[in-house]
Each structure stands twice: as structure tokens, then as C-alpha cells.
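What follows is calculated from the coordinates using simple rules that are stated; it is not laboratory data. Here the structure is a predicted model, which is why all the values come from computation and not from measurement. Quick reminder, even Gly has a Cβ in these numbers, built from the backbone with ideal geometry, and neighbours come from all protein chains shown.
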Amino acid sequence: MRWALVPWAILTMLAAPAGAQDSMPPAPYAYRQLDDAAQEAKARALMETLRCLKCQSQSIADSDAPMAGDMRSQVRIRIAAGEEPEAVRAWLIERYGDYVSYKPEMSRSTWPLFAIPLLLAVVAAVILARRLRGRA
């Protein structure tokens with residue numbers, strides 16, 4: 001009879017960390033603005049350009065996900081410490097990957113994302129030009 005309870009005990013232990021994630025208090029600056037209005041404006045402008053990794057369709061400024069709150073807090077803490085917004089953006093991209101930014105930058109790994117649409121547009125223009133010349 002005791003062995004029948006082992007799977008339930010294992011499932012309970014595995015589910016505990018998932019439940020604890022949402023019960024954690026929010027990060028210090030998740031919902032609290034910076035005292036300096038200029039720094040808060042910089043932080044807010046940066047947060048509008050960063051994607052919530054959990055929601056994927058909202059910026060961290062608009063998302064209520066706990067992870068977005070943590071990211072907002074990190075942005076505000078770093079801006080308050082005197083870091084420039086681009087340095088904070090670079091740190092977040094290094095930590096979470098290119099996907100976190102709504103303003104992707106061209107690099108060795110992302111150039112195909114910029115080149116392929118241009119290549120397809122050129123191919124479509126060539127095909128269209130040949131068809132129109134064939135009818136004339």
C-alpha cells in the first residue's frame with residue numbers, strides 16, 4: 001500500500017517549485033517607479049522596446065507576468081545605478097537572447113533574417129518582370 005503512494009509523493013515534490021514561483025513577492029522595482037523622473041523616463045522608454053519572454057506579445061512595460069516584473073526591476077535598478085539604456089539592453093540580450101528585443105540588430109547569426117526577405121522580393125520582381133515581358 002505504501003508503494004502506491006510513491007508516485008503521488010514524487011509528483012507533489014516536482015510540482016512544489018512551480019507553485020512557489022508565483023507566490024514569490026514581486027521584485028522591488030517591478031511596480032514602483034524611480035524617484036528621478038529623467039531616469040524613470042529612460043527606463044520606461046527602454047522597457048517599451050523589450051519583449052516579455054513569457055507573454056511574447058507584450059512589452060515588459062505592459063505585461064503583468066512575474067518575469068516581466070523582474071525584468072522591469074532590473075532595468076530600473078541598472079538605470080538608477082547610472083548605466084545607459086543601450087548597455088542595459090545589451091546585458092538583457094546577452095542574458096536572454098536576441099528575442100528579448102523588439103529592435104533586432106544585424107549580426108553574424110541574424111543576417112539571414114534580414115537578407116531572405118530582400119532576396120524573395122528580388123526573385124518575385126524578376127518573375128513578375130519576365131511574365132509581363134512575355135505578355136507584351
Which whole-Hz couplings ³J(HN,Hα) result when phi for each residue of segment 29-37 is put into the Karplus expression 6.51 cos²θ - 1.76 cosθ + 1.60, θ = phi - 60°, listed in order with x for Gly and Pro?
10, 5, 10, 10, 7, 6, 5, 7, 5
Using the Karplus curve 6.51 cos²θ - 1.76 cosθ + 1.60 with θ = phi - 60°, work out ³J(HN,Hα) for each residue of segment 43-57 in order, rounded to whole Hz, and write x for Gly and Pro.
4, 5, 4, 5, 4, 5, 9, 10, 8, 6, 6, 8, 7, 6, 10
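What value does segment 20-104 have for Rg/Rh, both radii from Cα atoms and Rh as Kirkwood defines it? Before the final figure, lay out the partial values.
On the way: Rg = 11.9 Å, Rh = 12.7 Å.
Rg divided by Rh gives 0.94.
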What is the local net charge at Tyr31, summed over the other residues whose Cβ is closer than 10 Å to its Cβ (Lys, Arg +1; Asp, Glu -1)?
+1
Which trypsin sites (Lys or Arg not before Pro) in segment 61-136 sit in a loop by DSSP (not H, G, I, E or B) and have at most 14 other Cβ atoms within 10 Å of their own Cβ?
Arg108
